[in-house]
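Below is one structure, written out as structure tokens, with a few remarks after it.
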Amino acid sequence: MTWLTADQAAALLGYRVATVRRLACDGVLPAYKPAGTKAWHFDAEELADWLRSGRNARVRPAPVAAPTPRPRVARVAGGYPLQFGKFD
């Protein structure tokens, strides 16, 4: 039995460390957390079996949110911004 840290498990699986920890916490990924500790421990053989079984197919990367468009701003003489579309 070869024990891996969360960093090593993430490198093996190709996920981010935060994703590996979340999957372990949710019970999706086979992991062990000794009582009174914060560190997760992963068995390399169990991770390999998990990958081969196809149970990782439901793990998808989080979607990337589209950036929020910034309002168009013009600078006028004197340095004060003028936003287009706003008329008082």
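A compact table of results
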{"item": "Any hit, the range 53-68, residues being of a type in the set (A, V, I, L, M), at pLDDT below 90 and surrounded by 13 or more Cβ atoms within 10 Å (Cβ to Cβ)", "result": "yes"}
{"item": "Residue count for the range 3-17, restricted to those that are modelled with pLDDT under 90 and loosely packed, with under 12 Cβ neighbours inside 10 Å", "result": "1"}
{"item": "Residues that are over 21 Å from Gly54 (Cα atoms) and surrounded by 11 or more Cβ atoms within 10 Å (Cβ to Cβ), drawn from the range 19-38", "result": "Lys33"}
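The values are calculated or read from the model by the stated rules, or taken from the named source; none is laboratory data. Here the structure is a predicted model, which is why all the values come from computation and not from measurement. Positions of Cβ are backbone-derived with ideal geometry, glycine not excepted, and every protein chain shown enters the neighbour counts.
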